[in-house]
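Here is the structure we will look at.
Just so it is clear, none of the values below were taken in a lab; they were calculated from the coordinates. Since the structure is predicted, the reported quantities are computational estimates derived from the model, not experimental observations. All Cβ positions, glycine included, derive from the backbone under ideal geometry; neighbour counts span all protein chains shown.
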Amino acid sequence: MTDVTVPPGLRVTLPQFAESQRDALENVLKVVNDPGEYKIRSDEVLVRVQASSVAFADLLMLSGQYQHKPRTPFTPGMEYSGDVVAVGGVAAAEFDIGDRVVNDFTHAGPRSTGAYQAHGGWATYAVAPASALHKIPDTFSYEQGANLFVNYETAYYALVNRARLQAGEVVLITGASGAAGMATVQTAKILGAKVIVTGRSEEKLRTLRDWGADATIHTTGSTPGRFRDQVKEFTGGNGADVVIDTVGGPVGLEGMRSLSYGGRLVIVGWAANTTVAQGGGRGGSDGANLLPTNIIQMKGLYVMGSPMVIHTFRDPSIRPPRIAAILDWVEQGLITPFVSHRYPLSGIRDAGLARLAGHVTGGCVVEP
């Protein structure tokens, strides 16, 4: 063990699961002082966090409504980036003080399953094993680093491993203005696809057009209307080859109706139905989404889930090609995560509420 003393900071903790995401932000989360005194092992690194993502999945974890429930108490924040401020003896072979790094959320932080599950990024400092960190290039901002792997791995897995997207195909992305949605737009364009997106805000749709979307569709809340006709008009009557659905509910259903014969529906999330699982960490699945099997049958559709992290834990061999591709795209300057909202760590409540209210385009970060 090496004793390390750094300037004091702050840390967010979740002592127990809340009944809802709003309840967590308003009543349960605590911002506490961090005295800045650490003992790090030989293979460990102490990171001064510069930016930590506030993702929708982070908020679901606060109420135990995410499929993975960390042990409480813990510090939330799946993905963070920052500067190395101390290294153990073995870790010194890989990292120097001052290196700019991003954590691997499957190895450190609340989505991991080992000894570093409690060490999330909503803090001034985070401890991680050297194996959980990647250096980020100087061209990448800390905010972009904190929105890299979760979002782009989700996009890559959905498009490559599940949809097997081919260059020239048309992909429709619902709820594309979220962090994973924008990553999916950029990844689909890298892969040579044509991209249609849906969204509820004209301002966000303008951003998505600037981001590379070939066509945009304005939906209206929980009653999106019949946008399959717009998709068919764009595709010469064929419909989309692939739908990446992050919304579920009526939007997801209309997306499915927008597919061509034999098209592929890839389910990434169900933002329209956050009560699928009960709050307070009780779990359950009483409010599951339903899809019409008659339409699936008549259109010969392929319908598949896209559980990127779950599949990766079950079969780690699928991940190295994904990571290699993403880091290569980063080096080429093809990946540029979009971040619209930044808050101080002490403003974690406001950051979370902005995400819940749908004010965020792309990523949102807290900056200690």
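Residues ASP138, ASP229, ASP350, ASP58 in ascending order of nearby Cβ atoms (within 10 Å, fewest first): ASP138, ASP229, ASP350, ASP58. Straight-line reach from LYS232: taking Cα to Cα under 26 Å and skipping same-chain neighbours fewer than 8 places apart, the lysines in range are LYS189, LYS194, LYS204, LYS299. Length gained on full extension, THR113 to ALA324: 73.7 nm, using 0.36 nm per residue less the C-alpha separation. Using θ = phi - 60° in the Karplus curve 6.51 cos²θ - 1.76 cosθ + 1.60, the 3J(HN,Hα) couplings for the stretch 323-335 round to 4, 4, 5, 5, 5, 5, 5, 4, 4, 7, x, 7, 9 Hz; x is entered for Gly and Pro.
Report the paramagnetic label zone for ARG164: residues of the stretch 254-271 whose backbone N is under 18 Å from a point 7 Å from Cα along the Cα-to-Cβ axis. Inside the label zone: 260-267. Neighbours of MET78, meaning other residues whose beta-carbon lies under 12 angstrom from its beta-carbon, give a summed charge of -3 when Lys and Arg score +1 and Asp and Glu score -1. Listed by Cβ neighbour count within 10 Å, with the fewest neighbours leading, ASP245, ASP23 appear as ASP23, ASP245. Using the Cα coordinates of the stretch 149-311, the gyration tensor eigenvalues translate into equivalent-ellipsoid semi-axes of 22, 18, 17 Å, sorted from longest to shortest.
Enclosing the Cα atoms of the stretch 12-74 in their convex hull gives a volume equal to 119 cubic angstrom per residue.
I need the phi-derived Karplus couplings for the stretch 241-258: 6.51 cos²θ - 1.76 cosθ + 1.60, θ = phi - 60°, integer Hz, Gly and Pro marked x. Those phi angles translate into 6, 9, 10, 9, 9, 9, 9, x, x, x, 5, x, 5, 5, x, 4, 5, 8 Hz.
Neighbours of THR187, meaning other residues whose beta-carbon lies under 12 angstrom from its beta-carbon, give a summed charge of +1 when Lys and Arg score +1 and Asp and Glu score -1. Converting phi to 3J(HN,Hα) with the Karplus coefficients 6.51, -1.76 and 1.60 and the offset θ = phi - 60°, the stretch 62-79 yields 5, 10, x, 9, 8, 5, 10, 10, x, 6, 8, x, 8, 9, x, x, 5, 10 Hz in sequence order, with x at every glycine or proline. Of interest is the spacing of the C-alpha centroids, which for the stretch 119-142 and the stretch 27-47 amounts to 13 Å. Exposure proxy ranking for ILE318, ILE40, based on other Cβ atoms within 10 angstrom of each Cβ and starting from the fewest, stands as ILE318, ILE40. Per residue, the convex hull spanned by the Cα atoms of the stretch 211-269 amounts to 87 cubic angstrom. Considering all different alpha carbon pairs of the chain, the Kirkwood hydrodynamic radius works out to 20.9 Å.
Other residues within the sphere of radius under 11 Å centred on the Cβ of LYS69, judged by their own Cβ, net out at +3 (K and R +1, D and E -1).
Using the Cβ-Cβ distance between ASP229 and GLU94 with R0 = 56 Å, the FRET efficiency computed as 1/(1 + (r/R0)^6) comes to roughly 0.55.
So for the stretch 149-311, averaging the separation of alpha carbon pairs under 8 Å that are six or more residues apart and normalising by length, what relative contact order in percent results?
That works out to 20 percent.
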